[in-house]
Amino acid sequence: MTYLPALEKTDPEIRDLIITEEKREFNKMRLIPSENYASHAVFEATGSCLTNKYSEGYPKKRYYEGQQITDLVETLAIERAKKIFGVDHVNVQPYSGSPANQAAYRAILKPGDTIMGLSLPHGGHLTHGWKVNFSGSLYNSVPYELNPETEMLDFDKIRELALECKPQLIIAGYTAYPRLIDWTKFREICDEVGAKFHADTSHITGLIIGGEHPNPFPIADTGITTTHKTLRGPRGAMILCKEEYAEAVNKAIMPGLQGGPHNSTTAAIAVALKEAEAPEFKLYAQQVVKNAKVLADKLLEHGFRLVTGGTDNHLLLIEVFESKGILGRDASKALDKAGMVCNCNMVPFDKNTPFNPSGIRIGTPSMTSRGMKEDEMKKLGDWMNEAIAHADDDATLKRIEGEVQELCQSFPCPGIDPSKWNR
Ligand code: DSN
């Protein structure tokens, strides 16, 4: 039978683009730490008739009729998340991470309140108080920074800043921080200065569920996670919080910020949570971290400078400007040509610009989902080194691309079946 038969009939152009993207995802090593491969089961839920239904409100309190099934779907997703994280309340309706943070802040802050999040160039997120984002204009943002020597969280400095600016909220959880986060230290500082504590675990949720990173719940007051990163679910998000903020969180999402939830996404979140409860997922999370450490060692051997000197989690932040004499963007472009897809990234105290920074960011979640282990990470480190050393040499990059593609043929991608492409 033809692959994607309805699309072949209705919109062959989009069908071709989807198949071409499947080939790109299959034939390259995907190293962007926030990306992953969702399973066929997640895709089936995402592509289901649940997308047809409007269901403003919450289970048993909806505005439209016909919620017999959507109530059950949403309740399943909520209950699975509550159990996994050991948290009082979960809202599974946010469309993605940024609206989830927006709603969580709206639930517990007033405009003009002071917030402290990690500065974006140090590994924070736009929605953690960066000046051009709503979070930096609606609230009085006083960002904290990493220690210039260790490039790690500096709890003495964070405490000093908090005592000085008396924030209503402190935010922890990052997009480019390769080390474990000590949530209890944040809780202590929040308690000392009378701030609420918000944890954004988007990058590390899969590691938390798999037991490879401490869980900030229930010690955090509120928190969010996207569902498509190490969790391997659909593109979406959840807000998690203590019971006392449950009503405010629900109201902040609907009617505060959103209309009808995307029920197909909710179903796929439930599926991803079920997959993450299986024993294999623990092994997956362990291997993600093992792979990152082996890759880190290989890159150190090749003379790369790793921010903080290494990694405890799924990601590596690599300073290439001083250690290899190449800007991050030129390095990421050369790697892409050679079949290894990453992103350029600021490093702490970067002297270069956000669009042309000094570093690249690499993660192991996607490659580990394909079953790659230590041996493949060592090969990857060698290829990265060679590609960056020959960034202007298209023939070398092409040769490496071929070698990467050959390796990828032996490691299946969840959710992608190459045998269907020629049907
Ligand atoms: N875009 C995500 C990342 O790559 O880390 C954060 O939202």
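The values are calculated or read from the model by the stated rules, or taken from the named source; none is laboratory data. Fair warning: this is a prediction, and the values are worked out from it, not measured in the lab. Every residue, glycine among them, receives a Cβ derived from its backbone with ideal geometry; neighbour counts consider all protein chains shown. Ligands, DNA and RNA are stripped out before the accessible areas are found, and what is left, the full protein with its side chains, is counted by its heavy atoms. Shrake-Rupley method; radii C 1.70, N 1.55, O 1.52, S 1.80 Å.
Cβ-Cβ distances below 8 Å connect the following pairs, each with a first residue in region 2-18 that is open to solvent by 50 Å² or more (accessible area, probe 1.4 Å), a second residue that is β-branched (Val, Ile, Thr) and not in a helix (DSSP H, G or I), and a separation of six or more residues or different chains: Glu8/Thr2.
If you go through region 58-111 and keep only what is within 16 Å of the ligand (Cβ to nearest atom) and either small (Gly, Ala, Ser) or not in a helix (DSSP H, G or I) (or both), you end up with Pro94, Tyr95, Ser96, Gly97, Ser98, Ala100, Ala103, Ala104. Scanning region 27-42 for residues that are open to solvent by less than 10 Å² (accessible area, probe 1.4 Å) and away from the ligand (no atom under 16 Å from the Cβ) gives Met29, Val42. Which residues, taken from region 353-365, are farther than 16 Å from Glu151 by Cβ and either open to solvent by 10 Å² or more (accessible area, probe 1.4 Å) or more than 15 Å from the ligand (Cβ to nearest atom) (or both)? Result: Thr353, Pro354, Phe355, Asn356.
If the condition is being open to solvent by 30 Å² or more (accessible area, probe 1.4 Å) and more than 17 Å from Asn313 (Cα to Cα), then region 366-375 contributes Gly371, Asp375.
Given (1) buried (at least 21 other Cβ atoms within 10 Å of the Cβ); (2) part of a helix (DSSP H, G or I); (3) within 17 Å of the chain's Cα centre (by Cα), identify the lone condition not met by Ala334. The failed condition is (3). Number of residues in region 128-155 that are assigned to a loop (DSSP other than H, G, I, E, B) and either within 16 Å of the ligand (Cβ to nearest atom) or surrounded by fewer than 21 Cβ atoms within 10 Å (Cβ to Cβ) (or both): the value is 15. Test each condition in (1) assigned to a helix (DSSP H, G or I); (2) away from the ligand (no atom under 16 Å from the Cβ) for Phe349 and report the one that comes out false. Answer for Phe349: the failing condition is (1).
A quick yes/no check of all residues on (1) within 15 Å of the ligand (Cβ to nearest atom); (2) of a type outside the set (Gly, Ala, Ser); (3) surrounded by 20 or more Cβ atoms within 10 Å (Cβ to Cβ):
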{"position": "Asp113", "(1), (2), (3)": "no, yes, no"}
{"position": "Leu118", "(1), (2), (3)": "yes, yes, yes"}
{"position": "Lys157", "(1), (2), (3)": "no, yes, no"}
{"position": "Ala162", "(1), (2), (3)": "no, no, yes"}
{"position": "Ile189", "(1), (2), (3)": "no, yes, yes"}
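Residues in region 10-26 that are farther than 20 Å from Lys333 by Cα and either among the charged types (D, E, K, R) or within 16 Å of the ligand (Cβ to nearest atom) (or both): Asp11, Glu13, Arg15, Asp16, Glu22. Screening Ser332 on (1) within 16 Å of the ligand (Cβ to nearest atom); (2) of a type in the set (Gly, Ala, Ser); (3) in contact with a helix residue (DSSP H, G or I) (Cβ under 8 Å, 6 or more places away or on another chain); (4) free of Cβ contacts under 8 Å to residues at least 40 places away in the same chain shows it passes everything except condition (3). From the list Gly124, Gly136, the one residue that fits, being out of contact with any strand residue (DSSP E or B) (no Cβ under 7 Å at 6 or more places or on another chain) and either modelled with pLDDT of 95 or more or within 18 Å of Asp191 (Cβ to Cβ) (or both), is Gly136. Within region 43-99, the residues that satisfy the criterion of being open to solvent by 50 Å² or more (accessible area, probe 1.4 Å), acidic (Asp, Glu) and over 30 Å from Pro418 (Cβ atoms) are Glu65, Glu79, Asp88. Filtering region 369-392 for residues that are without any contact (Cβ under 8 Å) to a residue 60 or more places away in the chain, within 26 Å of Ser323 (Cα to Cα) and in a loop (DSSP other than H, G, I, E, B) leaves a non-empty set.
Residue count for region 123-177 satisfying the condition of being of a type in the set (Lys, Arg) and on the phi > 0 side of the Ramachandran plot: 1. Within region 311-326, restricting attention to residues that are surrounded by 21 or more Cβ atoms within 10 Å (Cβ to Cβ) and in a loop (DSSP other than H, G, I, E, B), the residue that is nearest to the ligand (Cβ to nearest atom) is His314. Selection of region 268-291 for residues being out of contact with any Ser or Thr (no Cβ under 7 Å at 6 or more places or on another chain) and open to solvent by 60 Å² or more (accessible area, probe 1.4 Å) yields Lys274, Glu277, Pro279, Glu280, Lys282, Leu283, Gln286, Lys290. Just one of the listed residues (Ile181, Ile189) is among the hydrophobic types (A, V, I, L, M, F, W, C) and part of a loop (DSSP other than H, G, I, E, B), namely Ile181.
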